[in-house]
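The values are calculated or read from the model by the stated rules, or taken from the named source; none is laboratory data. Computed from a prediction, not measured in an experiment: that's the story for all the values here. Every residue, glycine among them, receives a Cβ derived from its backbone with ideal geometry; neighbour counts consider all protein chains shown. For the accessible areas, the whole protein counts, side chains as well, though only heavy atoms, and no ligand, DNA or RNA atoms are used. Shrake-Rupley method; radii C 1.70, N 1.55, O 1.52, S 1.80 Å.
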Amino acid sequence: DTAVSQTPKYLVTQMGNDKSIKCEQNLGHDTMYWYKQDSKKFLKIMFSYNNKELIINETVPNRFSPKSPDKAHLNLHINSLELGDSAVYFCASSQWVRGSYNEQFFGPGTRLTVL
Amino acid sequence: EDQVTQSPEALRLQEGESSSLNCSYTVSGLRGLFWYRQDPGKGPEFLFTLYSAGEEKEKERLKATLTKKESFLHITAPKPEDSATYLCAVHSRHKLIFGAGTRLAVHP
């Protein structure tokens with residue numbers, strides 16, 4: 001199936017730990033994103049990469065570090081986890097075409113719980 | 001500041017009872033307005049993109065319309081399987097800005 005996939009689906013960890021979330025897309029898109037959805041269900045952009053280059057970094061604490069090894073993958077590493085990091089994290093992808101803004105396709109989400 | 005506001009926050013309908021969801025926006029230069037559907041525990045699923053005022057798009061029981069200040073998602077004769085949260089977003093400076101969503105519940 002062509003899709004955006006994320007692992008793990010659920011992540012439960014203690015405060016202060018370091019964790020990573022992985023994302024892969026096989027849609028052939030050149031742009032990938034990380035979003036955070038908080039308890040009030042608001043979806044907010046965190047990062048965006050186009051062709052492995054960071055193009056959006058939305059005032060996210062530098063404990064969060066995205067890494068894009070290639071166009072099909074965008075991973076999110078989080079250091080020193082805090083209670084407030086508990087949320088659902090979504091990966092998304094789209095194809096950038098000059099002068100056009102195409103729809104983004106979302107992964108299933110990773111529910112992070114920090115205890 | 002770019003902003004998206006959706007109303008109502010929640011909507012309960014009887015099966016077959018048509019209604020509309022509203023998305024009002026302020027953005028410096030609209031580059032596209034997007035509607036998504038989100039089921040519990042899942043990622044948003046793309047429904048429609050609208051680019052200019054007057055544009056309309058339809059898919060099964062859903063119809064999206066766009067003016068210079070707002071968009072409507074009309075649901076005609078909804079079924080219980082249409083129950084979900086409907087999200088509206090605008091494209092601004094390479095990113096999507098989402099509204100808080102409308103939680104729709106359709107009861108038999």
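Data table
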{"quantity": "Geometric extent, Cα atoms of the range A:1-84 - Rg, Dmax (angstrom)", "calculated": "13.0, 37"}
{"quantity": "Heavy atoms of A:Met46: accessible area, 1.4 Å probe, square angstrom to 10", "calculated": "10 Å²"}
{"quantity": "The range A:14-82 versus the range B:1-36: alpha-carbon centroid distance in Å", "calculated": "26 Å"}
{"quantity": "Nonlocal amide H pairs with B:Glu17, under 5 Å, H built at 1.01 Å", "calculated": "none"}
{"quantity": "Of B:Ala89, B:Ala53, B:Ala64, the one that fluctuates the most in a GNM where chain B has Cα springs shorter than 10 Å", "calculated": "B:Ala53"}
{"quantity": "Chains A and B together, accessible area buried on both sides, 1.4 angstrom probe, square angstrom", "calculated": "1700 Å²"}
{"quantity": "Sites matching trypsin sites (Lys or Arg not before Pro) across the range A:22-115 that sit in DSSP coil, with at most 11 neighbouring C-beta atoms within 10 Å", "calculated": "A:Lys40, A:Arg98"}
{"quantity": "The protein assembly as shown: radius of gyration and largest Cα-Cα distance (Dmax), Å", "calculated": "17.6, 51"}
{"quantity": "Greater than 31 Å apart at Cα, pairs in A:Lys36/B:Lys57; B:Lys68/B:Lys95; A:Lys22/B:Lys69", "calculated": "A:Lys22/B:Lys69"}
{"quantity": "Where A:His77, B:His91 fall by accessible area, highest first, once all protein chains stay in place (1.4 Å)", "calculated": "A:His77, B:His91"}
{"quantity": "Accessible surface ranking that places the most exposed of B:Val90, A:Val12, B:Val27, A:Val97 first, with a 1.4 angstrom probe", "calculated": "A:Val12, A:Val97, B:Val27, B:Val90"}
{"quantity": "Residues along the range B:77-108 losing 20 Å² or more of accessible surface when the other protein chains are present rather than the chain by itself (probe 1.4 Å)", "calculated": "B:His91, B:His94, B:Lys95, B:Leu96, B:Phe98, B:Ala100"}
{"quantity": "Accessible area expressed per residue, the range A:4-114, with surrounding protein chains retained (probe 1.4 Å, Å²)", "calculated": "50 Å²"}
{"quantity": "GluC sites (Glu not before Pro) restricted to the range B:43-98 and DSSP loop, no more than 16 other C-beta within 10 Å", "calculated": "B:Glu55, B:Glu60"}
{"quantity": "Stokes-Einstein D for chain B, Kirkwood Rh over Cα pairs, 20 °C, 1.002 mPa s (µm²/s)", "calculated": "155 µm²/s"}
{"quantity": "The range A:50-115: GluC sites (Glu not before Pro) in DSSP loop, at most 10 other beta carbons within 10 Å", "calculated": "none"}
{"quantity": "Accessible area in the full protein assembly, largest first, 1.4 Å probe, for B:His74, A:His29", "calculated": "B:His74, A:His29"}
